[in-house]
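Here the structure comes first, spelled out in C-alpha cells, and everything after it is commentary.
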Amino acid sequence: MLYRTAGQFKTSYQADQALFPVKQDAFLLGVILLLAWVILPMVASEFVFQALLIPVLIFSLAALGLNILTGFAGQLSLGTGAFMGVGAYACYKMVSIFPEMNLIVAILLSGFFSAAIGVAFGIPSLRIKGFYLAIATLAAQFFLVWLFEKWAWLYNYNASGAIQVPNLDIFGIFVSGPQAASITEYYVVLFVVSLLTMVCINLTRGTLGRTWKATRDMDIAAELIGINLMKSKLTAFAISSYIVGVAGALYVFLWKGAAEPNAFDIPLSFQVLFIAIIGGLGSVLGNYLGAILIVGLPVVLNLVPNALGISINSAMVEHLNVMIVGGLIVFFLIVEPHGLNQLWRLIREKLIIWPFPH
Amino acid sequence: MKDTAGYVTADGRQIGGTLMEMRNITLKFGGVTAISDISFDIHEGEIRAIIGPNGAGKSSMLNIISGFYTPTIGEVWYKGEKRPPMKPFEVARMGVARTFQNIALFEGMTVLDNVMTGRLTHMKSSILSQALWYGKAQQEEMENREIVEKVIDFLEIQRIRKTPVGRLPYGLKKRVELARALAAEPSILLLDEPMAGMNVEEKEDMSRFILDVNDEFGTTICLIEHDMGVVMDLSDRVVVMDYGKKIGDGTPQEVRADQAVIDAYLGVPHE
C-alpha cells in the first residue's frame, strides 16, 4: 500500500527514464539523505563515527568501484586492495609535494593514478576471461604491495615504512590528521562518496552502462552490434580503478590515519569483493547494504554482550562475531544468491502489489 | 562494379542497384575449406536468401559479411567500395546489423535496454556528459529512446519492454533480437535462421515482420533459412550452396527448377 504506483502516469520518455520513476523511491532516498547529512551527524558519538559511519561509507565506495568492473562489465578482479593502495600512496605523495593543495582535490586527483595503473593491468582482459583474468589481477595485487614496500620514495623514506597522514586543513578547519574532528572527516567522506555514487548511477544507466552490460552478458554479440570491446573493457577498468583509488585515499586519510603496505594486501581485496557479492553484483544500492552487513554488523555485535549485561571476555566475543557474521553471509547467499539488492527489489515488488499476491 | 542496374520483381517492386558484392570468396580453416570461390551480389532493397543443406557454409558466409571472419581469398564490396579487413564492430558501424542462429541477447538487461544497445553505434556523448546526466547525454538518450520506441511499436513488443530478457519465451526473444538489429537502422540486415525452432504461427508472424521491415523501411535483407516454404515465399532471389560451393542463384522459381539444386537436396542415385 505504501508503494502503490497506481495513478503515477508518465507522459514523456524523460519522465520514464528519470532516476526515480516511482515517487516513493525518491521519498525514501530523501529520508536516507536527510539521515546521512543531518540526523546521524547530530546524534553520532565519536565511536559511531570512527567504527561505523566512516568505514561503512568508504567500503561502500570501494565495493561500488569493484562492482563497476565485476558486476557491470563482467571482468573479475582480485586486485582491489592494491588499487586502493595506489590511490592512498598517490594522495600521500601529492600532499607531501604540494602541502598547500586542497585535500578533497588531492583525493579526487589521486584516483587518476590508480585509473592509469588499473588500465595497464586491465590489458590482459582483452584476451582472457573469468578465473584466468582474476589470476592476472592477482599479479597486480602482489606486485603493487611489493612495490609499496620496496620503493622508499613512496613513503618519503620514513624509517617505519608506513605513511602517516599529516594535519591538513581546508579554510582553517582540520580535515585530516590527528587534529581533525570526526564529524569533519565524516562530512568529507560523505561528500566524496555521494558525488561518486551519483556519477556511478548516471554512468550505469546510460550509454556506457549498456556497453558494459552487453560486454558482460555476451561479448561476441556485443562486438557484432558495434561495440568496441577493447574500449568497453578498458573504460570499465579505468572508471572502476578511479573509484577504488579514491576509496583507498579516503581509507587512509580520513579513517586509518596511517597505513603500512600490508594494509592493502589481499584480505582487503577479499573484504571488498565479499561486500560486492553479498550486496549484489551489478547494482549500486547493494554495495551499501553489503558494507553495512560486513563492516557494520561485527561492530554492532561486539556491543551486544555488554548491552545485555553478559560478561564474556573480548576474545570470545571476537570468535562469536566471526562465526555469526560468517553464518549470516551463508544464510543470505542461500536465501538470495543475487545479493541483498535483489532481496530489496523483491520486497519492493511485493510492496507495490500488496495486499494482492500478484 | 558490374550490373549496378536494378530490376523489377515479379510482384512489381522496384529493386535498386548493387549494395553488396561478394567476389570469389574462399574461406579456409587450416586444411578445411568451408567456402570455395563463391561470388554473388545483394541489391538495394531486395530480400536475398542463402539456402543449402547443413554444413554448406551458409553461416560462414554470413559471418564473412558481418566481419566476424575474414575471407582467405576474395573481396567484399560494399556501397561501391572494396571493404578493407576490419573488426566486426567497425562493420556494424558501417550499417550492417544481424541476428543470430542461437539467440544472442543480453540476458541480464530488460527488453528496452537490449533494443537500446542497438543504438549504441549512433551515440556519441562524452563520458563527462554521461556522468553528470546533463546536456548531450540526456538529449541523446531521449532522441534514441524515441527511435527505439518506434521499433518496439513496429514489432509489437510494447507489453514486455521493461521485462528482463531472461524471462521471455523463445519466440519473443527472436523478435527482440530483430528489434535490436532494426534499432540500428541498418543498410543491410542479416538474419541467421530467423524461424529456427518456431511453430507455424510464430513463423507466420516473423515472415510478416520481415516483409514489413523490407516494405516500410526499404531495408535490404539477407537471410539464411531452412524452411523452404518460407524462403520461396519471402525472397526475391536465392543463392544455393552445397559443400561450400555455389550451385544455384536466381529467383525462387529458377532455383526450384534447377537440376543441381534438386540433386543437392534430394540426392543423386548411385549406379
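The values are calculated or read from the model by the stated rules, or taken from the named source; none is laboratory data. Here the structure is a predicted model, which is why all the values come from computation and not from measurement. Reconstructed Cβ throughout: ideal geometry from the backbone, glycine too, with neighbour counts over all protein chains shown.
Does A:Tyr242 fit the bill of being away from chain B (no Cβ under 13 Å) and assigned to a helix (DSSP H, G or I)? For A:Tyr242, the condition - away from chain B (no Cβ under 13 Å) and assigned to a helix (DSSP H, G or I) - is not met.
Condition check for B:Glu156 on (1) in a helix (DSSP H, G or I); (2) more than 13 Å from chain A (Cβ to nearest Cβ); (3) in contact with a helix residue (DSSP H, G or I) (Cβ under 9 Å, 6 or more places away or on another chain): one failure, at (1).
Please determine whether any residue of region A:165-174 is more than 10 Å from every other protein chain (Cβ to nearest Cβ), surrounded by 15 or more Cβ atoms within 10 Å (Cβ to Cβ), within 23 Å of the chain's Cα centre (by Cα) and not in a loop (DSSP other than H, G, I, E, B). No, region A:165-174 contains no residue that is more than 10 Å from every other protein chain (Cβ to nearest Cβ), surrounded by 15 or more Cβ atoms within 10 Å (Cβ to Cβ), within 23 Å of the chain's Cα centre (by Cα) and not in a loop (DSSP other than H, G, I, E, B).
Taking A:Phe264 as the residue in question, decide whether it is aromatic (Phe, Trp, Tyr) and at pLDDT below 90. No, not satisfied. The residues in region B:95-122 that are without any contact (Cβ under 8 Å) to a residue 24 or more places away in the chain and either farther than 24 Å from B:Ala137 by Cβ or crowded, with 22+ Cβ neighbours inside 10 Å (or both) can be counted, and the count is 2.
Tallying residues that are under 18 Å from the mean Cα position of the chain (by Cα), at the interface with chain A (Cβ under 7 Å from one of its Cβ atoms) and assigned to a loop (DSSP other than H, G, I, E, B) within region B:88-146 yields 3.
Please tell me if A:Gly130 is out of contact with any Pro (no Cβ under 8 Å at 6 or more places or on another chain), small (Gly, Ala, Ser), more than 12 Å from chain B (Cβ to nearest Cβ) and touching a residue at least 40 places away in the same chain (Cβ under 8 Å). For A:Gly130, the condition - out of contact with any Pro (no Cβ under 8 Å at 6 or more places or on another chain), small (Gly, Ala, Ser), more than 12 Å from chain B (Cβ to nearest Cβ) and touching a residue at least 40 places away in the same chain (Cβ under 8 Å) - is met. Selection of region A:307-344 for residues being within 19 Å of A:Ser283 (Cβ to Cβ) and assigned to a loop (DSSP other than H, G, I, E, B) yields A:Glu336, A:Pro337, A:His338, A:Gly339. Among the numbered conditions (1) of a type in the set (Gly, Ala, Ser); (2) within 14 Å of another protein chain (Cβ to nearest Cβ); (3) closer than 24 Å to A:Ser110 by Cα, the only one that A:Gly206 does not meet is (3).
For beta carbons closer than 8 Å, sequence separation of 6+ or different chains, a first residue in region A:93-116 that is assigned to a loop (DSSP other than H, G, I, E, B) and a second that is not aliphatic (A, V, I, L, M), the qualifying pairs are A:Pro99/A:Pro166.
Out of A:Gly81, A:Gly87, one residue alone is in contact with an Asp or Glu (Cβ under 8 Å, 6 or more places away or on another chain), in a helix (DSSP H, G or I) and under 23 Å from A:Phe142 (Cβ atoms). It is A:Gly81.
Among the residues of region A:224-236, which ones are at the interface with chain B (Cβ under 8 Å from one of its Cβ atoms) and either buried (at least 24 other Cβ atoms within 10 Å of the Cβ) or not in a helix (DSSP H, G or I) (or both)?
Hits for region A:224-236 are A:Leu224, A:Ile225, A:Gly226, A:Ile227, A:Asn228.
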